[in-house]
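Structure, as structure tokens:
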Amino acid sequence: PQISVIADAYYNNVENKILAIPTKNIFEWSMQNIGKVDIYGADFAFDVCFKVNTQYRFFVNATYSLQKALDVTSKTDPIYSKVYKHQIPYTPEHSGGGAFTFENPYLDFSYSVIYSGSRYVLGQNIPENYLKSYTDQSMSFVKEIKWGCCSLSGKFEILNLFDEQYEIVRYFPMQGRSYRITLLMRF
């Protein structure tokens, strides 16, 4: 098997961090300047490829990100002290994902998962601003047929496999389970 593991850690001290925050309309966003932000984080990635032979391959990958993005503008200012050392809006502390793919001569199969931890929609990390975590899982089936210099591939996807109700942006729920068919012809 081919194995790849990547890990890194970082620290950023950002002045005048600009965030786009959605307003009452998903098409209108408000720009917010956060005076100072300390960002501590670590990212991990793992990839494995198993080749049974030239026709059968398995791929597994996973990622995880830990990020503390804290507003450190002012501890003493009456306005900014309410959000001092709070996680900045719409930034989850934990996130990640993974996928499993099985390639073969008959019908390729993939399963993927995306995870976003809980986050807050405003600077104050209080219950009223809390947005719960979510997991989005999908699977797909792909078939490619080649003839001469052309190929036709078809893909069938089941998105949000378990019909989870969640919001990436507060008050704008994401679509439940859905299906997608894609056809692609190459010359």
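The values are calculated or read from the model by the stated rules, or taken from the named source; none is laboratory data. Just so it is clear, the structure is predicted and the values come from calculations on it, not from any experiment. Here the Cβ is made from the backbone with ideal geometry for all residues, glycine too, and neighbour counts use every protein chain on show. Accessible surface is based on the protein model in full, side chains and every heavy atom, while ligands, DNA and RNA are left aside. Shrake-Rupley method; radii C 1.70, N 1.55, O 1.52, S 1.80 Å.
Brief remarks follow.
- Test for Tyr80: is it surrounded by 15 or more Cβ atoms within 10 Å (Cβ to Cβ), at pLDDT below 95 and aromatic (Phe, Trp, Tyr): yes
- The single residue among Gly148, Gly176, Gly123 that is at pLDDT below 95, of a type in the set (Gly, Ala, Ser) and surrounded by fewer than 15 Cβ atoms within 10 Å (Cβ to Cβ) turns out to be Gly148.
- Which listed residue is more than 15 Å from the chain's Cα centre (by Cα), part of a loop (DSSP other than H, G, I, E, B) and closer than 27 Å to Asp47 by Cβ, from Leu184, Leu161: Leu161
- Per the listing Ile39, Ile26, the residue uniquely touching a Phe, Trp or Tyr at 6+ places or on another chain (Cβ under 8 Å), modelled with pLDDT under 95 and farther than 21 Å from Ala99 by Cβ is Ile26.
- Gly98 farther than 30 Å from Lys75 by Cβ, modelled with pLDDT of 95 or more, touching a Ser or Thr at 6+ places or on another chain (Cβ under 8 Å) and open to solvent by less than 70 Å² (accessible area, probe 1.4 Å): yes
- Of all the criteria given as (1) part of a strand (DSSP E or B); (2) farther than 30 Å from Asn33 by Cα; (3) at pLDDT below 95, the one not satisfied by Ile168 is (2).
- Of note, Asp71 satisfies the criterion of being open to solvent by less than 60 Å² (accessible area, probe 1.4 Å), closer than 28 Å to Phe44 by Cα, touching a His at 6+ places or on another chain (Cβ under 9 Å) and touching a residue at least 24 places away in the same chain (Cβ under 8 Å).
- Scanning the range 135-171 for residues that are under 20 Å from Ser95 (Cα atoms) and hydrophobic (A, V, I, L, M, F, W, C) turns up Met139, Leu159, Leu161, Phe162, Ile168, Val169.
- Flag for Gln175 being touching a Leu at 6+ places or on another chain (Cβ under 8 Å) and not in a strand (DSSP E or B): yes
- Given (1) of a type in the set (A, V, I, L, M, F, W, C); (2) farther than 20 Å from Tyr111 by Cβ; (3) touching a Ser or Thr at 6+ places or on another chain (Cβ under 7 Å), index of the condition Met31 fails: (3)
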